[in-house]
Amino acid sequence: MRKADKFYCLCQVCGWGAYSAVGLWSAVLDHGWTLSVTGGYLLFFLYSIALTHLLRRVVHRRNWSSLPLPRILVRMAVASVLIGAIQAALVVGVYTALEGSMGIWRDKSSVAFLFMGVSVITTIWSVLYLTITTMRHSREMRQNQIQMKLALSDAELRALEAQVNPHFLFNCLNSIRGMIVEDPEHAQDMVTKLANILRYSLQRDRKHTVRLETEVEVVADYLALEAVRFDERLHVQFDVAEKAGQIEIPPMLLQTLVENAVKHGTEKTAEEGQLSVRAALEGNQLRIEVENAGRLDPPLMTSTQVGLANARERLRILYGESATLNLLASGQGRVTATVLIPALQ
């Protein structure tokens, strides 16, 4: 039995049990412990539960909860009055059958008072049931919406990751292809480093985050591949604080920033280029900087680069507005990509 059904049964028994107990106590004070009094209230307790349960089934079967509120209230009011009339008729009928006469129910005002009382109680039952059911349905709908949103974000995040990995693989394979004939030994070393990177990509867990220090190791392999391709024109400097290395970041985030720096920095200049990777904690945030020689030309600033666009989107999905990724140019011919994310271990 579902938790909601158990709660409903408990409310039925406690609600009608309390009302029947109060009525029995009042009747005993007036008429004593007689068969008609005790038997009548026991049967009242049972058929009140049965009648209101029948109403519940009608509400579900006819899907009253989907109707406009005024129509729901009208139907509930009519049902409450009808059930109240049936309850009053059963009370009088049971009493008459057990006593052999109508007795106290000969007075029409007593019957009218009985009818009004049970109708009011049934109306209260209907309002409470409608309120609780509506609140539960609203809560379930919110939970379903949250689950759907999480599922959508998860699917979207995996699609973005799938876009990042082939892009990275394409660049590495181009580097290896250029070295196979010229320097087979170096090509073998590049294949080994690429294998390490692919193993990292395939073995990362489903949390969508890895430690920064793990990502730095992969980036070091990538830059070693690129250094061979650029004939040692690429010089790399790492400055990653020990505590910063323990912070979780999206996998391939640093790789994307470094790849972008190589593509728009080292590739576009014939001179030796210095690429710096820095990471440090600033309060409750992790600051990652990738700096390279180059400049932000207008076409670059308006370009919809796949790597950076995906990196920003992954940051948005994982951290909302708490994470940022910005590109800034200095007056000394340097460009810095800066990422700020919550420092979660």
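Each row is one residue, and each column tells you yes or no for (1) of a type in the set (Gly, Ala, Ser); (2) over 35 Å from the mean Cα position of the chain (by Cα).
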residue: Asp221; (1), (2): no, yes
residue: Arg233; (1), (2): no, yes
residue: Val240; (1), (2): no, no
residue: Gly245; (1), (2): yes, no
residue: Leu254; (1), (2): no, no
residue: Leu257; (1), (2): no, no
residue: Gln274; (1), (2): no, yes
residue: Val277; (1), (2): no, no
residue: Leu286; (1), (2): no, no
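Applying the set (1) at pLDDT 80 or above; (2) within 30 Å of Thr266 (Cβ to Cβ) to Met116 leaves exactly one unmet item: (2).
Among the numbered conditions (1) free of Cβ contacts under 8 Å to residues at least 12 places away in the same chain; (2) within 42 Å of the chain's Cα centre (by Cα), the only one that Leu51 does not meet is (1).
The set of residues from region 175-201 being of a type in the set (A, V, I, L, M), under 17 Å from Phe230 (Cα atoms) and either surrounded by 11 or more Cβ atoms within 10 Å (Cβ to Cβ) or at pLDDT below 75 (or both) comprises Ile176, Met179, Ile180, Ala187, Met190, Val191, Leu194.
If you go through region 175-194 and pick out every residue that is farther than 14 Å from Val218 by Cα and not in a loop (DSSP other than H, G, I, E, B), you end up with 11. Taking (1) more than 23 Å from Arg75 (Cβ to Cβ); (2) out of contact with any helix residue (DSSP H, G or I) (no Cβ under 8 Å at 6 or more places or on another chain) in turn, Val28 satisfies each apart from (2).
Could you grab me the full set of residues in region 308-345 that are assigned to a helix (DSSP H, G or I) and without any contact (Cβ under 8 Å) to a residue 40 or more places away in the chain? Spell out the reasoning first.
At the first step, the residues of region 308-345 found to be assigned to a helix (DSSP H, G or I) are 308-322.
Of everything in region 308-345, those that are assigned to a helix (DSSP H, G or I) and without any contact (Cβ under 8 Å) to a residue 40 or more places away in the chain turn out to be Ala309, Arg312, Arg316, Tyr319, Gly320, Glu321, Ser322.
Scanning region 43-65 for any residue that is of a type in the set (Lys, Arg) and outside any helix (DSSP H, G or I) turns up at least one such residue.
Against the conditions (1) at pLDDT 80 or above; (2) closer than 26 Å to Ile132 by Cβ; (3) surrounded by fewer than 18 Cβ atoms within 10 Å (Cβ to Cβ); (4) hydrophobic (A, V, I, L, M, F, W, C), Met1 satisfies every one except (1). In region 242-250, is there at least one residue being surrounded by 18 or more Cβ atoms within 10 Å (Cβ to Cβ), in the same structural domain as Arg211 (by TED's automatic domain parsing), within 17 Å of Ala337 (Cα to Cα) and not hydrophobic (A, V, I, L, M, F, W, C)? Looking for residues that are surrounded by 18 or more Cβ atoms within 10 Å (Cβ to Cβ), in the same structural domain as Arg211 (by TED's automatic domain parsing), within 17 Å of Ala337 (Cα to Cα) and not hydrophobic (A, V, I, L, M, F, W, C), one finds at least one in region 242-250, hence yes. For first residues located in region 18-37 and in the same structural domain as Val91 (by TED's automatic domain parsing) and surrounded by fewer than 10 Cβ atoms within 10 Å (Cβ to Cβ), partners that are part of a helix (DSSP H, G or I) and modelled with pLDDT of 75 or more and lie 6+ apart or on another chain with Cβ distances below 7 Å form the pairs Leu35/Leu98. Residue check: Tyr41 meets all listed conditions (1) over 31 Å from the mean Cα position of the chain (by Cα); (2) surrounded by fewer than 16 Cβ atoms within 10 Å (Cβ to Cβ); (3) without any contact (Cβ under 8 Å) to a residue 40 or more places away in the chain but one, namely (2).
The values are calculated or read from the model by the stated rules, or taken from the named source; none is laboratory data. Just so you know, these numbers come straight off a predicted model, no measurement behind them. Positions of Cβ are backbone-derived with ideal geometry, glycine not excepted, and every protein chain shown enters the neighbour counts.
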